[in-house]
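The values are calculated or read from the model by the stated rules, or taken from the named source; none is laboratory data. Everything numeric here is computed off the predicted structure, so don't read it as measured data. Glycine also receives a Cβ, built like all others from the backbone with ideal geometry; neighbour counts cover every protein chain displayed. Calculation scope for accessible area: heavy atoms of the full protein, side chains included, ligands and nucleic acids excluded. Shrake-Rupley method; radii C 1.70, N 1.55, O 1.52, S 1.80 Å.
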Amino acid sequence: MNEIFRKNFATLCARYPNFKEYIQPELEIFQKFPEGNDNESFVWADMPDGQKNLKYQRKNPLFKGFYHGMDPRAETLEVMDKVDLKHPTMVFIFGMGLGYLLKEFLDNRPAGNFVLLVIERNPQIFLRALCVHDFTKAFEDVSISWVVERNLPKAKSMVGAFIQDQTIVSRVIRILATPNALASEDEYYSQVAKHLMSARDQVTLLTGNSVYDCFRGFENTLRNIPEALTNAGLESLRDKFPGKTCISVAAGPSVNEHWDTLKAVQGKIPIIACDTLLKPMSDRGIFPDFVTALERDDIVTDFFRNQFVHERTTLVAPTLILKESFDEFKGQKLMYAPMPSYADVLALNFLMRYHGGSSAGNLNLTIANVLGFTNIILVGHNLAYGYKTNETHVRGTIDPSRERSRTQSELLAESQGMQIETQDDTDVVATRLEWNLYRNQIENYIANTPQKRWINTALKGAKIAGAETMTLTQALESTKPEHFDLYPIKKELTKTPAPEIIHERETKIKEGASKSIERLSHWLSKTGPLVNDIKSWRKKIEDKELEGKQVSIDWLNERIDRILEIKVEAINNDPHFYNLAVSILFPAHFTFEKLINEMPAMYTTDYELKRDFILKHEQYFEIWNKWLPDVRQVLEDFLLSRGNHGSTELLVENRNL
């Protein structure tokens, strides 16, 4: 222990009063045996450039080597380079190690990161990290939380509680992992990652990655309304195929083994394929009944651009994807509505809502379930690198870089050493954290539908708990599927709505959009002046405090009443505004509310609590003032595009109020 440790430990105990008692047994071991014991040893090592490292050795399970690479910071930068941190609302760090990854992230913490959870299984590693870097500011930061727990069930419970407290969802969760934390505690972190996705899905299904992501989905939805107006939707096909068998084809490398069989059964057994497969299937004369797309990304548009689409193939996608993706798909489209509550505001209830999962492959399974299929055969759901090929995707797509075989060094860097048991229980295969999260989602589907058969044919892919293990030939023999052509049934049931229905839909959507603009304009006319007032209040408070004085409690109470008058009326008493604005601002809104709710326990004086309550609302309403004008603008653009000039002229007046 050193002075850095003492500062860190004191700060940590000050924030978490029960931590000292909790960690005491581990602390005594650390103090008595600083280099560990026969079962687990820790020897400090200085790297050539002066960075600290540990020679770590453990008997069970076996591990021996430096805990970090020869250049810990370079190792850290390599990890961070592989993770998209453009809009990292919620970040998890797996493995504290000696704190290099945490320090690098905090030194360059993106502005959009609202919360961070650091998870470390081994308290002895955690205690040694306190000797290396000064993390006192991190321990004081209420946006950063910590799980230091050997017991896996307890750790999973703490992770679940964290997600529930935050009420934030990231479709693509940002996870940074210390490589040797995964190498030495693979099962622990795999199980935590699995539970993380499950907890996320159970707590909230209604949000996107960040405010930016939510706004982009809202904007895409508006741009896709012309397509939605005439769309038949999926509901006419709900539960139409009980007792039937379908095949879900994801883009994993094992699809390469099954082209002949898939071609032989098309038109006899319904095939649902993800967007990546449109080209390789078309090239082989295979025309699936459904193609799914989920991501609001240009690559989806590229998958469809200049590709032949057979009349029997239908695209299934949420209104959230890019309009260009719908435009480039030259075939029938069936849309479903987004989960956020702005779908209610825009009167999109004629398109049913589905939680499609976190990948197009998982959306396949949602669609199979919605349509009522009893036997679902999984093809290409590898959720792992190709066995002995180290490929990530099927061959023949538009993106050769995703199909090539990885070298061993590339494989280790991308997978961070993660491996998982194969479906046939005979081997292990390299995987990634996000694939484990997708797999956990599939396992939840399976657990929630015990009346269905889920058969995984990717024998050398990741083991999917609850799925039966068979080759594709065995699966077809086992299910004895009744051959039928879904296409004529689909064609009959998914016809374009009548003109009067289309007109009614558009009328309601325009009414919802017009009212949305009016409510946004109303509240923006309040929050603009309010932010200016809070800034002036801040100056008065600071000036008083520079003089060694304080404003009165009554003065603070009056300002709090002013803030709450606007906030409560907008959030609690204006359901139209709430369903629109908060569903887009959701990550920021609920993170802020959690912070506000925690404040009373963090303050010892009424003055400081009320002062900071006021001042923190400046940032909160600045978020409104930053994003809600953009929301209003895209609504106005939408109405103009639909010929609703009169409404927008009126609303321009409202904007100037």
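Here are some notes:
- Distance (nanometres) between label positions extended 7 Å along Cα→Cβ at Arg642 and Leu85: 4.2 nm
- Residue (of Ile566, Trp627, Thr276) at the positive-pole extreme of the chain, dipole from beta-carbon charges: Thr276
- Taking amide H as placed 1.01 Å from N in the peptide plane, the amide H of Ala273 sits under 5 Å from that of Val249, Phe290, Val291, Thr292, each at least 5 places away or on another chain.
- Its relative contact order, with pairs defined as Cα atoms under 8 Å and 6+ residues apart, puts segment 434-580 at 14 percent.
- Extension gain for Asp298-Leu546 works out to 83.9 nm (0.36 nm per residue, less the C-alpha to C-alpha distance).
- Using the Karplus relation 6.51 cos²θ - 1.76 cosθ + 1.60 with θ = phi - 60°, the per-residue 3J(HN,Hα) values for segment 22-39 come to 5, 8, 3, x, 5, 5, 5, 5, 4, 6, 7, 10, x, 9, x, 9, 5, 7 Hz, with x marking Gly and Pro.
- Relative contact order %, segment 544-652, counting alpha carbon pairs below 8 Å whose residues are six or more apart: 26 percent
- When the P(r) of segment 52-134 is calculated, the portion above 18 Å amounts to 45% of the C-alpha pairs.
- Accessible surface calculations at 1.4 Å, restricted to protein heavy atoms, place segment 171-330 at 31 Å² per residue.
- Residue-span extension gain [Glu434 to Lys480] - 0.36 nm each, minus C-alpha spacing: 13.2 nm
- Ellipticity estimate at 222 nm from DSSP helix runs (n ≥ 4, -39,500 (n - 2.57)) divided over the chain, nearest 500: -16000 deg cm²/dmol
- Sequence-separation-based contact order of segment 317-364, relative, with Cα cut under 8 Å and 6+ spacing, percent: 31 percent
- Sites excluded, GluC sites (Glu not before Pro) in DSSP loops with at most 12 other C-beta within 10 Å, longest stretch of the chain: 36-310
- Label-to-label distance, nm, for residues given as Ala264 and Ala413 (7 Å Cα→Cβ offset): 4.2 nm
- Pair-distance profile P(r), taking every C-alpha pair of the chain, with 10 angstrom steps and integer %: 3, 14, 22, 23, 19, 13, 5, 1, 0
- Sparse-neighbour loop sites [chymotrypsin sites (Phe, Trp or Tyr not before Pro); segment 235-312; at most 15 other C-beta within 10 Å; DSSP]: Phe308
- Å² per residue, accessible surface of segment 1-78 at 1.4 Å: 64 Å²
- Near the amide H of Arg353, within less than 5 Å, lie the amide hydrogens of Ala337, all on another chain or at least 5 residues away, with H placed in the peptide plane.
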